[in-house]
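Participant: Below you'll find the structure I mean.
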Number of protein chains: 4
Amino acid sequence: MKTSTQTMRALAKVRDAPGLALATVPVPTAGPGEIVIKVEATGICGTDLHIFNWDPWARGRVHPPRVLGHEFCGTVVEAGPGVRVPQVGEFVVGECHLACGHCHLCLGGQPHICESLEIIGVDRDGAFAGCVRLPAGNAWRLGRSIPVEVAAVMDPLGNAVHAAHSTDLTTRTVAIIGCGPIGLFAIPVCKMAGAALVAATDVSEFRLDLARRMGADLVIDARRDDVAARLRAATGGVGVDVVLEMSGNPRGITDGLRAVRNGGWVSLLGLPTGRLEVDLANDVVLKAVHLAGIFGRRLWQTWEQMTRLLRMGLDITPVITHRFPLDRFEEAFALLQSGQSGKIILVP
Amino acid sequence: MKTSTQTMRALAKVRDAPGLALATVPVPTAGPGEIVIKVEATGICGTDLHIFNWDPWARGRVHPPRVLGHEFCGTVVEAGPGVRVPQVGEFVVGECHLACGHCHLCLGGQPHICESLEIIGVDRDGAFAGCVRLPAGNAWRLGRSIPVEVAAVMDPLGNAVHAAHSTDLTTRTVAIIGCGPIGLFAIPVCKMAGAALVAATDVSEFRLDLARRMGADLVIDARRDDVAARLRAATGGVGVDVVLEMSGNPRGITDGLRAVRNGGWVSLLGLPTGRLEVDLANDVVLKAVHLAGIFGRRLWQTWEQMTRLLRMGLDITPVITHRFPLDRFEEAFALLQSGQSGKIILVP
Amino acid sequence: MKTSTQTMRALAKVRDAPGLALATVPVPTAGPGEIVIKVEATGICGTDLHIFNWDPWARGRVHPPRVLGHEFCGTVVEAGPGVRVPQVGEFVVGECHLACGHCHLCLGGQPHICESLEIIGVDRDGAFAGCVRLPAGNAWRLGRSIPVEVAAVMDPLGNAVHAAHSTDLTTRTVAIIGCGPIGLFAIPVCKMAGAALVAATDVSEFRLDLARRMGADLVIDARRDDVAARLRAATGGVGVDVVLEMSGNPRGITDGLRAVRNGGWVSLLGLPTGRLEVDLANDVVLKAVHLAGIFGRRLWQTWEQMTRLLRMGLDITPVITHRFPLDRFEEAFALLQSGQSGKIILVP
Amino acid sequence: MKTSTQTMRALAKVRDAPGLALATVPVPTAGPGEIVIKVEATGICGTDLHIFNWDPWARGRVHPPRVLGHEFCGTVVEAGPGVRVPQVGEFVVGECHLACGHCHLCLGGQPHICESLEIIGVDRDGAFAGCVRLPAGNAWRLGRSIPVEVAAVMDPLGNAVHAAHSTDLTTRTVAIIGCGPIGLFAIPVCKMAGAALVAATDVSEFRLDLARRMGADLVIDARRDDVAARLRAATGGVGVDVVLEMSGNPRGITDGLRAVRNGGWVSLLGLPTGRLEVDLANDVVLKAVHLAGIFGRRLWQTWEQMTRLLRMGLDITPVITHRFPLDRFEEAFALLQSGQSGKIILVP
């Protein structure tokens, strides 16, 4: 691929060790079927923190030097050969999952679980930079009606919408386990889908406060309360119809499985580390519970749903608690590590 | 409830200890909304073996004296007040799960997962006897076209049909983990639903032979082979579309989760003892797999499907390997314990 | 059946001719499995008007003398032998469709489309009377938190909920064709299910005003406007995702089919008189549209959904425009005939 | 677009009048994202006959000169810039519907009902020629295991599979109305999906004979028999669970709607000419029937299903009754017009 002689600043994993660094790299250029986007805002994800910390997963997957950043929006500044849409000048949001287009899942209408998925900012250079290169087919054309900071975090908002919309929520009772940004986003998404009750649980006071601000009907502090008992009490002893597991925490998962009613639905989005113990007989089989693994965003059903929700008035701005320019990234990552934040925006 | 002065022989848990005994008990009579069935044949279930062995689950659930037996068919000999159907003289099969009719699940069309379920032969006296009493609404009217021994085991056949029909199988590849009677029944059920491949796995040569006789396209001995690897090889590296987990065995469950493709479906019917370790992140969330707990039989969709399958030519008779009169029950239970049997019929 | 020596006043079709009359009839008594309800309020339905007018359908179906009235609520005053619930003193709403309980549809979980359905107030004596007799299993136990007038019209509210909830409405655009009480009820039901747009159309100014009061985002007067064109314009040229056809009017049906987008969903609830012309090729096949006939209420899923919606704040009271005591029935039916009413309540 | 200096023979509508002609045209060349396929076999479709006859629909849609032919297979002989798959030398089948890739339906996973669909052989030059040009993304890679004549007609086979697989057929009773090639293909497709009964009806003895050969359990001559009555009799008076309407004939549609049971499913694939009368109240609303318009083939779910069915042994060759070289096209079209054929193959 031809590269530009121009350079830009980028936040990158530059060597096989913890931490990140600001680097000067060539501005990318668009090959056939590709576009280059001038980045306007990005979000920091838990995945970025894993790479920052250089944990075993990150060491096995990421090959430095690598520019990070997979939640982003911006303006198309270059369109490569054969690209009909989007056009130069259009405002777009990036879908960071690059599907191969040829495996049985891509052909079968499920490119979001493509067998050869690559991720921007993980497997290819990402958006913590002035510009980012993307297949044209991975750009969601949004128009300027959505605020830039909101557009920048439609990737995790999409996780929330995908998890919530994976079953019918109208008149249902819902428990959201884990109030990170995705769990917090899910609160109004469930309310707008007509849920009768949206309960949220976490172990951080900061996050429980955000859950209240996002409109949770019931907020449970999992450090102090028996989550399953509280949820049963709130549902006349029956248990909740739907659980959205956003924590990846073994106790959170157990709480969710105990709290769901016979025949209920559990969307599993949180990623536990390693194997964990489950009481499959009592919590799944005998209760005839459905567990649905949730990954990424449906292409492009979830994006269409998100866009409509935002136009209907979905307000996720309370979750966006901090903003930093790119060169204050150390501060941003330290804050994320502390747990005293919602979603943090980085502006390149 | 009024009881008859007539007596009959029944196989019962007569005291709080391992083993069963032939007892002489009153012939039951039909109360309002109830029928009495003269039992023609019964099947022995793994649950009966748990009660025979008096394991912790059985000790916690069953209150002696209790007549066992929940897989059965026979002729209606008495119909209580208010019973319109079935009529005296009709041949019927018993659905052993007694739903309350008033909880939110019964009212919501899911009585098979009723919150207050009672089970014939566990919570009330069962069918290892000359006669058995049953709510009229728990009798499936079958007609005489189905052989008595087949009718007697429609309860476990229904488990197989419920698990198999819980997702669309047409042109799909299926792996059945565990070749007890339910797993064996599932083999032709999947074939008749249009599955492209039906693989079956077990650790018993006796059962693997039965799997071959029932028409499995691929039979895998889990003692010798890497089940997930064999299933991937048989599906072009992709993994199977559907897993029917019938073993309840930790390794079987792990094999099934590893063998299923991204976006695939796992019906969980086998009951593991205690908690077990699952790699939820890699085997469920990141693969976007759907796990469905399967319990009982849908009332009465599963029974209608079974009846149609039997009329279409479904032949489960190779799975029925042994028959005993009631007084040779010790022999029958010893054989079941040995693993050298398919389904065993007891004739009262 | 044994009858009481007590008498009560009832509004009935007393002879084979147009009109109704107040009659004095015996108070019903409860047989096995039945209850008697002291009626607190009833709703008048379009079906009652057909019987009042004695049109060809009514003449073919109704056999005088017959007490009318199938939308009702009240208190249980007698419970026959074998009735466990509801108990005497409980406040209940009647489901007027009596399923046989034994046909393949009842057994298959679809009693609302039973092959041998009978209707209270049409095929058996109804609730325009002091008391009404009902199978115990046709009573929905509601508690006293819902106003009596609202409880009285849960039958048509259930039609609206059944039609609306038959497909996922979250973020969808919806057009409701016909603003009789059921269409009007459907407006807030769709909004509460998360619809992005709820448009309503009718030919009566009175009803269009009610549609505005019920919260329709767009109200179209079908006498003056091209309904399909207006709906396309409101949806960026695409057409609406979902149509709820509540009019039974040939032009309304055509408007709905033209307005729905490719791959959209049409719930058909309105009953056209006689055969009507449809452009199946262009409006259904080539657009891959789904048409779903909607009848009655799902037992009891729809009732559970309605109850939850009412507890969540669904307010249908603006649709209840008039109340009459039983002896002013002539006035009530004349008003209904005029089209200048929403739902009319009769109090016996 | 650059064109070749080489020429080839093609069957085309050369002027605004009935009939077709063999013309000499330039061999197409592949632009960016396109391939050129050397055609090995093609099928003649009813649509081709409409264009041959130059009926009103054809005159409004087709702009001469236009090479016809949209059912085809062959070998890739050229791949344009940016094409990764298929590669030159691969055997492929063409999907003749060209989706835009950018409308809300393409983005929403339903490109088969794209709002701006173009059709090969109708809106662009087709495959009744030595070579045909196609977007690379419209080629289904099949391998050589499927016979060329079968591969050539996977387009209409896909219509049959799409219509049949649009609802669950396992243990269901099915009536196929209309035994043209698509209806005939549907017979074994339904059997392989586990249908309990597959009935087929037509008005042509030739086609009814083919229906018998394809394995229909019940063949009804609609000229002599009351189709709905026969189907009710064959289903114990209940009516069929599923109707596949393949005729587009008003009487066939009425027969199908009358024959389907309460709560049943009707796939509508046949295209009636003009508006037709339907008894929506009695045949759809009151019976709670579901009508699904079926168009094209799901991309690529239907193709994957078809390929699996063919590998599982689906044999459609009895439906392929005649073969002609391109220059005997007059004979082929006259035969198709006569109704005395199944599918006719043209070999360029």
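Participant: Could you check how much of the accessible area of the protein assembly as shown is carbon and sulfur, as a whole percent, using a 1.4 Å probe?
Facilitator: Roughly 51 percent, rounded to a whole number.
Participant: Shifting gears a bit: Need one number: buried accessible surface between chains A and B, 1.4 Å probe, both sides summed, DNA, RNA and ligands left out, in Å² to 100.
Facilitator: In total, chains A and B hide about 3300 Å² from solvent.
Participant: Calculate, for C:ARG275 and C:SER338, the FRET efficiency according to 1/(1 + (r/R0)^6) with r their C-beta to C-beta distance and R0 30 Å; round to the nearest 0.05.
Facilitator: Efficiency computed from Cβ-Cβ geometry: 0.60.
Participant: Volume per residue, Å³, of the convex hull around the alpha-carbon atoms of the stretch B:119-226?
Facilitator: Numbers: hull volume 16.1 nm³, N = 108.
About 149 Å³ per residue, rounded to a whole number.
Participant: Next up: Tally Lys/Arg at +1 and Asp/Glu at -1 over every other residue whose Cβ is under 14 Å from the Cβ of C:VAL347; what's the total?
Facilitator: Its environment carries a net charge of 0.
Participant: If you don't mind, another one. Given a 1.4 angstrom probe, what's the average accessible area per residue across the protein assembly as shown, in square angstrom?
Facilitator: 35 Å²
Participant: A further question follows. Could you work out, residue by residue across A:107-118, how many beta carbons of other chains sit within 10 Å of that residue's beta carbon, and then give the average as an integer? Present the calculation step by step, with values, prior to reporting the outcome.
Facilitator: Working: counts 7, 8, 9, 5, 1, 3, 8, 1, 6, 0, 2, 0.
Per residue, the average neighbour count from other chains is 4.
Participant: Taking Cα centroids, how far is the stretch C:158-173 from the stretch A:184-200 in Å?
Facilitator: With the stretch C:158-173 and the stretch A:184-200 each reduced to a Cα centre, they are spaced 18 Å.
Participant: From the Cα gyration tensor of the protein assembly as shown, with a ≥ b ≥ c the square roots of its eigenvalues, which class applies: rounded if a/c is under 1.5, or else prolate if a/b is larger than b/c, or else oblate?
Facilitator: Rounded.
Participant: Distance from the Cα centre of the stretch C:40-79 to that of the stretch A:39-110, in angstrom?
Facilitator: Using only Cα atoms to place each centre, the spacing works out to 63 Å.
Participant: Okay, moving on. Specify the angular offset, from 0 to 90 degrees and rounded to the nearest 10, of the alpha carbon long axis of helix D:181-192 from the longest principal axis of the alpha carbons in chain D.
Facilitator: Taking the Cα atoms of chain D, the angle to D:181-192 is about 60 degrees.
Participant: When only C-alpha pairs under 8 Å and at least 6 residues apart count, what is the relative contact order of chain A, in percent? Could the numbers behind the result be given before it?
Facilitator: Numbers: 802 pairs, mean separation 56.5, N = 348.
RCO, chain A: 16 percent.
Participant: Summing +1 for each Lys or Arg and -1 for each Asp or Glu, what net charge is found among the other residues whose Cβ lies under 14 Å from the Cβ of B:ALA152?
Facilitator: Taking every Cβ under 14 Å from that of B:ALA152, the sum is -2.
Participant: Calculate the all-directions average of the projected area of the stretch B:158-293's alpha-carbon convex hull, and give it in nm².
Facilitator: For the stretch B:158-293, averaging the hull's shadow over all directions gives 7.2 nm².
Participant: I've got another one for you. Could you tally the net charge around D:THR171, taking each other residue with its Cβ under 10 Å from the Cβ of D:THR171, Lys/Arg +1 and Asp/Glu -1?
Facilitator: In short, 0.
Participant: Cα-Cα over 22 Å: which of C:LYS191/C:LYS343; A:LYS191/A:LYS343; B:LYS191/D:LYS191; C:LYS13/D:LYS287; A:LYS191/C:LYS191; D:LYS191/D:LYS343?
Facilitator: Numbers: C:LYS191/C:LYS343 20 Å; A:LYS191/A:LYS343 20 Å; B:LYS191/D:LYS191 12 Å; C:LYS13/D:LYS287 27 Å; A:LYS191/C:LYS191 12 Å; D:LYS191/D:LYS343 20 Å.
Violating the 22 Å Cα-Cα cut-off are C:LYS13/D:LYS287.
Participant: Here is a follow-up. Helix C:154-164 versus the longest principal axis of chain C: what is the Cα-based angle in degrees, 0 to 90, to the nearest 10?
Facilitator: So the inclination is approximately 30 degrees.
Participant: Right, next: Label position 7 Å from Cα toward Cβ: report the copy-to-copy distances for B:ARG15 in nm, one decimal, ordered from shortest.
Facilitator: 8.0, 8.1, 10.8
Participant: On to the next question. I need two numbers for the stretch A:259-300: Rg to one decimal and Dmax as a whole number, Cα atoms only, in Å.
Facilitator: Computed over the Cα atoms of the stretch A:259-300, radius of gyration and Dmax are 12.3, 37 Å.
Participant: Answer rounded, prolate or oblate for the stretch C:32-182, using the Cα gyration tensor with square roots of eigenvalues a ≥ b ≥ c: rounded when a/c is under 1.5, else prolate when a/b is larger than b/c, else oblate. Let's see the in-between values first.
Facilitator: Working: a/c = 1.36, a/b = 1.20, b/c = 1.14.
Rounded is the answer for the stretch C:32-182, as its axis ratio a/c remains below 1.5.
Participant: Could I ask something else about it? Using a 1.4 angstrom probe on protein heavy atoms only, which residues from the stretch C:201-246 are buried by at least 30 Å² of accessible area when all chains are present rather than their own chain alone?
Facilitator: So the qualifying set is C:VAL238.
Participant: Which of the trypsin sites (Lys or Arg not before Pro) across the stretch D:1-76 are loop residues per DSSP, with 14 or fewer other Cβ within 10 Å?
Facilitator: Working: sites: D:LYS2, D:ARG9, D:LYS13, D:ARG15, D:LYS38, D:ARG59, D:ARG61, D:ARG66; in loops: D:LYS2, D:ARG15.
Counting only loop positions with at most 14 other Cβ atoms within 10 Å, the trypsin sites (Lys or Arg not before Pro) in the stretch D:1-76 are D:LYS2, D:ARG15.
Participant: Looking at the square roots a ≥ b ≥ c of the eigenvalues of the Cα gyration tensor of chain B, which shape do they give, rounded for a/c under 1.5, prolate if a/b is larger than b/c, or oblate?
Facilitator: On the way: a/c = 1.84, a/b = 1.67, b/c = 1.10.
Verdict is prolate for chain B.
The values are calculated or read from the model by the stated rules, or taken from the named source; none is laboratory data. Just so you know, these numbers come straight off a predicted model, no measurement behind them. Ideal geometry is used to build each Cβ from the backbone, glycine not excepted, and the neighbour counts take in all protein chains shown. With ligands, DNA and RNA removed, areas are computed over all heavy atoms of the protein, side chains included. Shrake-Rupley method; radii C 1.70, N 1.55, O 1.52, S 1.80 Å.
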